[in-house]
Amino acid sequence: MSEAAFSTQPSRTGRRIRRAILIAFLLVVVVVLVLPLTLTQQAADANLDPTTLGIDFAINKSIVRTETTIAMFVALAAAWNLIGGLTGYAAFGNVAFFGLGAYTVGFLTDKQHLSFALALPLAPLVAAAFAGLIGVPLLRLRGHYFAIATLGTGVAVGEVIKNLDVFGGATGLFPPILRHADALFFYLMAANAGLAVVVTWLVMRSRFGYGLIAIRENEEAASVLGVNTTAYKVGAFALAAALTGLAGGIFAQWSSFIDQESVFPIQYNVQMILMAIIGGAGTLFGPVAGAIVLEWLILSLAGGGASAVYAQMGLGVLLAVTVIFVPRGVVDFFGGSSKLSLGYFRRSLRETSV
C-alpha cells in the first residue's frame, strides 16, 4: 500500500482549498460581526421603541440571538477541545463549569447586588478553581472511566446547587435585566469565542501544548520523557473550565434568569463534543466549524415536526459517517491532509474500532 494513503501533509490542492476556506471563513466572520450593528441601529433610529418596528424588530432580535447562541457554542466546543482534543481525555462534564460560571454571576448580581462588570471576571476563576480541585483525582482515570466520572460530576454539581437556598434553590436566580443590550451580549460571546481560539492557537505552539499532544499519543512515553503529566492535564482541564465558565457568566446576565435546568443541561455536554469531533478534534478551527454548522442546524430544527425528526436522524448518520470515514474531522479532510481510499477506509475502521 502506498505511503500517500497515509500522508499527513496537505497536498498543493489541499493547501489551496485550505486557503480558500480560510478566506471564506474570514469574510463570514466580518459579516457576522457587523450585522448586529446594522440591525440594532434600526432600533436606535426608532428611539428603541419596538412597536414602531413591528415584525422587523422581532426578526432582527431573533437573528442577533441566534448569532449569540452560535458564538457561545463556538467557545464551548473550542474550550472542550483543549482537554478532549489536544489532551485526549473525553470529558463529559464540562457543563459543570458553564453552570458554575453562570451561578457565580447570578449570585453576585442578584443576591450581592454587584455590577455585571465586576462579577463577570470571577466566573472563569471559580470554574478554573473547581476544575483544579476535582482534576487531580479525576484525571487519574482514563477512557470511559474518566468520561463517566466527569458526567457524574456535572450532574452532581447541578443537583447540589439546586438544593441550596443561598443560590435560589429550585426557584433560581434573577440577575438584573440589561435592556436593549442584545448587541453587547453578542460581542461578549464573540469575544469569548475568539479568546478560546487564540488560547488554543497559543497552546498548540507552546511547550505546554506539545506536552498535551504527547499525553494524547502515549501518556507513559510522555512521562518517561519528563512531561509532568498530572500538572499538564490539570492545567488543560482548568484552562478549558475558565473559558467555559466565562461563557456561563455571560449567559447568566444575557438570559436574566438561571436555574439548574437552564445552565446544567446534559445536552450541552453532548453538543460541544459532537461539534469538536465533526469539525476536527485536536485542530484549531475544527471545533469552530463544527459548532457553527451543527448549532445552526439545531436552531433551524427547533420548530419540530416530521421534517425535524428526519433531520435529527440525519445528524446521527452524519456523525457516524464522520467518525468512520473522517475520524480527524471535516476540516482536516477538506484540507487535504489525508486521502480517501480503500486503505484509508480500512485504517479508519481499525483506529475507531473498540
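Data for the structure
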{"quantity": "Euclidean distance of C-alpha centroids, the range 224-299 and the range 125-186, integer Å", "calculated": "12"}
{"quantity": "Backbone HN-Hα couplings from phi across the range 87-100 [Karplus 6.51/-1.76/1.60, Hz, Gly and Pro as x]", "calculated": "8, x, 9, 6, 7, 10, x, 5, 5, 4, 6, 4, x, 5"}
{"quantity": "Whole-Hz couplings from phi, Karplus 6.51/-1.76/1.60, listed for the range 243-251; x for Gly and Pro", "calculated": "5, 5, x, 5, 4, x, x, 5, 4"}
{"quantity": "Ranked by how many other beta carbons lie within 10 Å on average, peptides 114-125, 229-240 from highest", "calculated": "229-240, 114-125"}
{"quantity": "Fewest-first ranking of 80, 254, using other Cβ atoms within 10 Å as the exposure measure", "calculated": "254, 80"}
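Readers should treat all values here as calculations from the given coordinates under stated rules, not as data from a laboratory. These figures come from a predicted structure and were not determined experimentally. In this analysis, Cβ positions are derived from the backbone assuming ideal geometry, glycine residues included, and neighbour counts consider all displayed protein chains.
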